[in-house]
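Notes for the one structure printed next.
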Amino acid sequence: MTELSLTRSFDVSHLGNVPQNQHVVAGAAERLAIQREFDLLDLTSFAADLVVAPWGQHGVKIDGRLRADLVQACVITLQPVPSHMDHRFSLSFLPADAIAADPKTVAEAEVIVVYDEEDPPEPLEDNTIDFGAILTEQFALALDPYPRAPGATLSGGEEPVDNADSPFAALSKLRDK
């Protein structure tokens with residue numbers, strides 16, 4: 001098992017019936033670990049505000065806002081590309097036995113992707129949620145996979161092939177008749 005770059009455990013049994021605000025800030029060593037994990041040039045800030053609330057009978061819902069200031073390498077020039085991340089997310093958790101007992105959640109385990117719907121609840125293990133793991137995952141999802149420096153363009157390469165010379169051009173002529 002790999003060691004997480006950021007860990008913040010939260011015991012759900014202390015939640016009660018009232019939502020709680022949680023503020024998570026990564027320290028210098030944690031930012032450096034995240035920077036290395038995601039191959040960033042720099043990570044100067046990494047903080048999140050979370051609202052942790054009871055959800056249904058046994059569940060927990062987290063609404064969060066993750067903010068980070070980072071520098072990535074341009075995929076074309078390798079020049080530094082500074083950016084500010086401001087990412088909002090919402091997650092829900094249910095005890096693992098409740099997920100297994102709910103036929104709807106078991107049916108959703110067949111992996112049917114619908115982009116307009118909320119994700120199914122995550123399993124809640126030992127009444128503990130690791131905010132650090134959640135924030136690192138959300139950071140990965142919000143990170144620009146192909147950062148480009150301003151004005152960076154691909155140069156060279158091959159000229160586009162004229163489709164008139166392709167073997168399908170003759171078929172295209174037959175289709176038009």
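The values are calculated or read from the model by the stated rules, or taken from the named source; none is laboratory data. All of these numbers come straight from a predicted model, not from anything done at the bench. Using ideal geometry, Cβ is built from the backbone for each residue, glycine included, and neighbour counts are taken over all protein chains shown.
If I go through segment 22-72 residue by residue, how many of them are β-branched (Val, Ile, Thr), assigned to a strand (DSSP E or B) and within 21 Å of PRO145 (Cβ to Cβ)?
Going residue by residue through segment 22-72, those that are β-branched (Val, Ile, Thr) are 24-25, 34, 44, 51-52, 60, 62, 71.
Filter again for assigned to a strand (DSSP E or B), leaving 24-25, 44, 51-52, 60, 62, 71.
Filter once more, keeping what is within 21 Å of PRO145 (Cβ to Cβ): 44, 71.
Counting residues in segment 22-72 that are β-branched (Val, Ile, Thr), assigned to a strand (DSSP E or B) and within 21 Å of PRO145 (Cβ to Cβ) gives 2.
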### Query
Any residue in segment 48-65 that is modelled with pLDDT of 95 or more, hydrophobic (A, V, I, L, M, F, W, C), surrounded by fewer than 15 Cβ atoms within 10 Å (Cβ to Cβ) and under 18 Å from THR7 (Cα atoms)?
yes
### Query
Within segment 74-95, is there a residue that is touching a residue at least 60 places away in the same chain (Cβ under 8 Å) and of a type in the set (Asp, Glu)?
no
### Query
Residue check, GLU118 against (1) over 18 Å from the mean Cα position of the chain (by Cα); (2) at pLDDT 65 or above, all met but one. Which one?
(1)
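Residues checked against (1) modelled with pLDDT under 90; (2) assigned to a loop (DSSP other than H, G, I, E, B); (3) closer than 15 Å to ARG8 by Cβ:
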site: HIS87; (1), (2), (3): no, no, no
site: SER92; (1), (2), (3): no, no, no
site: ASP97; (1), (2), (3): yes, no, no
site: LYS104; (1), (2), (3): yes, no, no
site: GLU110; (1), (2), (3): yes, yes, no
site: VAL114; (1), (2), (3): yes, yes, no
site: GLU137; (1), (2), (3): no, no, yes
site: ALA140; (1), (2), (3): no, no, no
### Sole exception among (1) under 40 Å from the mean Cα position of the chain (by Cα); (2) over 30 Å from VAL24 (Cα atoms); (3) loosely packed, with under 12 Cβ neighbours inside 10 Å; (4) at pLDDT 75 or above for ASP126, by number
(2)
### Considering residues of segment 1-21 that are touching a strand residue (DSSP E or B) at 6+ places or on another chain (Cβ under 8 Å) and not in a loop (DSSP other than H, G, I, E, B) only, the residue surrounded by the most Cβ atoms within 10 Å (Cβ to Cβ)
PHE10
### Task
Write out, first by first residue and then by second, each pair whose Cβ atoms fall under 6 Å of each other, whose residues are 6+ apart or on separate chains, and whose first residue, in segment 39-55, is at negative phi while the second is among the charged types (D, E, K, R) and outside any strand (DSSP E or B).
LEU43/ARG31; PHE46/ARG31
